[in-house]
Amino acid sequence: MGFKYPVTKPSLTGRELQYVTSAVSNGWISAQGPYVKQFEQAFADYNGVAHGVACSSGTAALTLALRALGIGPGDEVIVPEFTMVASAWPVDYVGATPVFVDCRDDLTIDPALIEAKITPRTKAIMPVHVYGRQCDMDAIMDIAFHYNLRVVEDSAEAHGVKPVGDIACFSLFANKIITAGEGGICLTDDDRLARQLAHLRTMAPTSDRLVPGDEQRHSFLHKKVGYNFRMTNMQAAVALAQTERLDEILKIRGEIELRYDKGLKDVPGIILMPPRDVLWMYDVRAQRRDDLRAYLAEEGIDTRLFFKPMSQQPGYLSPDWESLKAARFSRDGLYLPTHAELTADDQDHIIGRIRAFYGVG
Ligand SMILES: *Cc1c(COP(=O)(O)O)cnc(C)c1O
């Protein structure tokens, strides 16, 4: 807020207003409205996956995914060290335990370190496609197959990376590649899992007989604890319009990545990060990072620091966090303004200020 160059900004220049206006003027504002199904279908089709189940957030999507796979108390889930805490919390919400694995040089989970963390309690792996870099899914799927584990992808930062695991979970928060303000969606090819996800999202209703032979069906019978994790038709209206523009938005973001690469690659003090599969946030490593950040803030340019390792979080504190690769990156990493409304001039200005900070023309 208040920065001339915010780190993120939604791009709402397609049919977003038209669809949301239609939702409101037709009175369809709840989750019953038609845009929810249309968005689910459009996003699933875009990804070449059979089913989409929209919900209230990326965190909710991950929670639904773990529950649908039957993960609960006593189970362990492999989660990356280098991610947002919203990857790990859903594991706690379902009563299971996250077990953390360090990252590679591209910040994604290191598959070579996963096997050492697998125990008889391990039920699933959660690869997180951090900043739009797809994890090494071939290696992860091999491990999952070998140990009979399920795979829940946290794709919150990677719209456009095609799902590979059992369920892929996307966020539609305002700072993500596409947005609904708040929202999320699970994608899966599995019919049974799709039904479970939708069932749990909507308070897990059943219409069974209470006892065999009972003639009356009971519509307010609930055999398991469900959630109200529904997405409203107003959010889905925006999400549908954004999905229609996903290719366009990814193309603009791809150009932003190249422009930053080109403008920063010869700057002493800046280390470029490996390329992304889709660009969420443009990340770099920076010498005197905190000074750079303060300098850019003075110039109206907002930046964000890298995630901290999960083992450094008070809730998951483990004394070895300091030796993690994730900790090393979190000490000098930051990301620059990255959004589809950023112009070439904006970028040239930002690049120019970074070059000035390091004393190169
Ligand atoms: C944003 C994000 C989430 C959470 O999504 P919300 O929609 O904010 O709940 C989860 N994981 C990662 C990696 C994220 O970036």
Per DSSP, the loop-located trypsin sites (Lys or Arg not before Pro) within the stretch 85-138 having at most 12 other beta carbons within 10 Å are ARG121
For the chain, percent of DSSP beta bridges that are antiparallel (nearest 5) comes out at 60 percent
Of all trypsin sites (Lys or Arg not before Pro) in the stretch 1-52, the ones in DSSP coil with at most 14 other Cβ atoms within 10 Å are LYS4
Expected unfolding gain across GLU298-SER318 under the 0.36 nm per residue rule, minus the alpha-carbon gap, is 3.6 nm
If unit charges are put on Cβ atoms (+1 for Lys and Arg, -1 for Asp and Glu) and the dipole of the stretch 125-210 is taken about its Cα centre, the option from ILE185, VAL151, PRO127 lying farthest towards the positive end turns out to be ILE185
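What relative contact order, as a whole-number percentage, does the chain give when Cα pairs under 8 Å and 6 or more residues apart are counted?
Details: 757 pairs, mean separation 82.7, N = 361.
Over the chain, the number comes to 23 percent.
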Helix 233-244 sits off the longest principal axis of the Cα atoms of the chain, rounded to the nearest 10 on a 0 to 90 degree scale, by 50 degrees
Rounded to whole angstrom, the alpha-carbon centroid of the stretch 34-90 lies from that of the stretch 325-361 at a distance of 31 Å
In the stretch 16-244, taking the dipole from +1 charges on Lys and Arg beta carbons and -1 charges on Asp and Glu beta carbons about the Cα centre, the listed residue (GLN38, LEU62, THR83) farthest towards the positive end is GLN38
Per GNM of the chain with C-alpha springs under 10 angstrom, the most fluctuating residue out of ARG230, ARG195, ARG67 is ARG195
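Over 22 Å between C-alpha atoms is what I'm after, so list which of LYS37/LYS162; LYS176/LYS262; LYS4/LYS308; LYS251/LYS308 land there. Could you put the intermediate results ahead of the total?
Details: LYS37/LYS162 20 Å; LYS176/LYS262 24 Å; LYS4/LYS308 27 Å; LYS251/LYS308 30 Å.
Flagged as over cut-off: LYS176/LYS262; LYS4/LYS308; LYS251/LYS308.
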In degrees rounded to 10, the 0-90 angle between helix 344-357 Cα long axis and the longest Cα principal axis of the chain is 60 degrees
When the charge dipole of the stretch 208-361 is computed with +1 at the Cβ of Lys and Arg and -1 at the Cβ of Asp and Glu, the Cα pointing farthest to the positive end, of ALA356, VAL278, VAL225, is that of VAL225
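Please give the length that would be gained between THR13 and ARG331 if that part of the chain were fully extended, namely 0.36 nm times their separation in residues minus their C-alpha to C-alpha distance (nm, one decimal).
Taking 0.36 nm per residue and subtracting the Cα distance, the gain is 110.8 nm.
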Measuring from its Cα centre, the chain shows a charge dipole (+1 at each Lys and Arg Cβ, -1 at each Asp and Glu Cβ) which, in debye to the nearest 20, is 580 debye
Comparing MET281, MET137, MET126 in a Gaussian network model of the chain (Cα, 10 Å), the one with the largest mean-square fluctuation is MET137
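Where a number appears in this text, it was derived from the coordinates with a stated rule and is not lab data. Given the structure is predicted, the values throughout are model-derived calculations rather than measurements. Positions of Cβ are backbone-derived with ideal geometry, glycine not excepted, and every protein chain shown enters the neighbour counts.
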